[in-house]
Amino acid sequence: MANTATLTISSKNYSSWSLRGWLLCRMAGIEFEEQVKPSDDPSTRAELLLLSPSFLVPKLTHDGIAVWDTLAIGEYLNEIRPGAGLLPADRAARAHCRSICGEMHSGFANLRSALAMNLKARHPKFKVWAGAQADIDRVATIWRECLTKYGGPFLFGAAPTMADAMYAPVCTRFVTYDVKLDGACAEYCKRIMSLPHMQEWIKAAQAEPDEVEELDVEF
């Protein structure tokens, strides 16, 4: 069967939303080609610097259908690949999963601005300001509640779901900025970072030549 899917993304080093969409496609098991928008594209830079009112990457084009919101991509993939388990089978767990995915999608603005995604960078002993720390604490609470309720090792049990894809870029931020976590959250973060798909993405990000100077400042 011919490949009918294309995923438009931007920088693998800086774009958290591109990572989410890419992980969702990988987790769903669809074959797709990557179409990368250069970092010097004005719209791309606006998105990476959080100056854009909307995010048009990632965008999945499949069978002539274009889906460009990350949550919409996840829901679309769940429809066409229900066996992939992007959403839990249990109705209550599914509602819980959608809720924490929605919280990540629309919230945590302080964390996003203070701890920009940058896979190449490392900032040991980074000083987290109070607003961002509140977001970090909320993320840790979400993780602990899910790991306790569903037994781990992922947020909703034995296999990764949409929720793990949505929170994966947060794991990269915690590594980049040396964020201290409790034992359960630290192990979860390590587990996500070690996933083969994550390792594939990180390797590509590290080889990426494009740079966005505004996101490479020394803290």
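Just so it is clear, none of the values below were taken in a lab; they were calculated from the coordinates. Worth saying up front: this structure is predicted, and the values here are computed from it rather than measured. All Cβ positions, even for glycine, are placed from backbone atoms using ideal geometry, and neighbour counts span all protein chains on display.
Taking only complete DSSP H runs, can you tell me which helices of the chain stretch 24 Å or more along their own long axis by Cα positions and average at least -0.5 on the Kyte-Doolittle scale?
130-150
May I ask which of K12/K127; K149/K203; K37/K180 have a Cα-Cα span longer than 31 Å here?
Checking Cα-Cα distances, K149/K203; K37/K180 exceed 31 Å.
Would you mind ranking K180, K12, K149 by Cβ crowding within 10 Å, fewest neighbours first?
In order of increasing Cβ crowding within 10 Å: K180, K149, K12.
Across the chain, where is the longest run that never hits GluC sites (Glu not before Pro) in a DSSP loop with at most 11 other C-beta atoms within 10 Å?
32-217
Which is farthest toward the positive dipole end of the chain among W129, V36, L147, measuring Cα position about the Cα centre, with Cβ charges +1 (Lys, Arg) and -1 (Asp, Glu)?
Final value for the positive-end residue is L147.
Between A66 and F126, what is 0.36 nm times their sequence separation minus the Cα-Cα distance? Round to one decimal in nm.
So the chain would gain 17.6 nm between A66 and F126.
Only sites in a loop by DSSP and with at most 12 other Cβ atoms within 10 Å count here; which chymotrypsin sites (Phe, Trp or Tyr not before Pro) in the stretch 55-139 make the cut?
W129
Explain nothing, just the number: dipole magnitude of the chain about its Cα centre with +1 on each Lys and Arg Cβ and -1 on each Asp and Glu Cβ, in debye rounded to the nearest 20.
Magnitude of the dipole: close to 720 debye.
Let me check I've understood the local charge: for R112, count other residues with C-beta under 10 angstrom from its C-beta, Lys and Arg +1, Asp and Glu -1. What total comes out?
0
Filter the trypsin sites (Lys or Arg not before Pro) in the stretch 92-126 to those in DSSP coil with at most 10 other Cβ atoms within 10 Å of their Cβ, and list the result.
Sites meeting the loop and neighbour criteria: K125.
On alpha-carbon atoms, Rg over Rh for the stretch 47-181 using Kirkwood Rh?
That ratio equals 0.98.
Pull out the extension gain between E103 and T141, defined as 0.36 nm times the separation in residues minus the alpha carbon to alpha carbon distance; nm, one decimal.
Taking 0.36 nm per residue and subtracting the Cα distance, the gain is 12.4 nm.
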